[in-house]
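Shown next, in structure tokens, is the structure this report addresses.
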Amino acid sequence: MIPISSVLESREKHFLETKELLESQRFTLGGNWEYDGGSFDRSLDEEHKVWLRIPFGVVVGHIDIEDKDTDATIKLGTPYVLKHLYREGNDPEASVRVVGALFDQFQSPSDPDAKVESQWVEQAKQVMNEVEQLFPE
């Protein structure tokens, strides 16, 4: 995980407005969001192994994706780049289980915090520069 310095750090913004602006730059609301925080994620590579993540916490209200009128205000955190390496092919620890297959359909990364090459850090900085232009002070 490599932190990326940004003028957006600690800025408070309306959640839905921020989500809309970031979606225009190919970010998605990360699957790990909660009512009180989460992250916006953008894949930097075609294999979806290298990610630019902008974390946030809710400072007013709460997030409800179903509610189009949510009044939540979020505070953006320090963006960072991370890389997940996955096993190629079959998982050697997998076993055939009918019930388990309903729940364990995705393998976890073999290295969730792999080394991030400098090209991805530079690309993340470039993307953050473009994103920052969308958020006037």
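Observations, loosely collected:
- Inter-probe distance in nm under a simple model that places probes 7 Å from Cα toward Cβ, at Ser118 and Leu134: 2.9 nm
- Per-pair calculated FRET efficiency, R0 = 25 Å: Thr73 and Lys125 via Cβ, rounded to 0.05: 0.40
- Pairs exceeding 21 Å between alpha-carbon atoms, taken from Lys19/Lys68; Lys19/Lys125; Lys19/Lys115; Lys49/Lys115; Lys13/Lys49; Lys49/Lys75: Lys19/Lys115; Lys13/Lys49; Lys49/Lys75.
- Summed residue charge, Cβ within 11 Å of Trp120's Cβ, Lys/Arg positive, Asp/Glu negative: +1
- Computed lengthening from His62 to Thr28, 0.36 nm per intervening residue step minus Cα-Cα distance: 10.4 nm
No value in this document is a laboratory result; all are computed from the given coordinates. Fair warning: this is a prediction, and the values are worked out from it, not measured in the lab. Ideal geometry is used to build each Cβ from the backbone, glycine not excepted, and the neighbour counts take in all protein chains shown.
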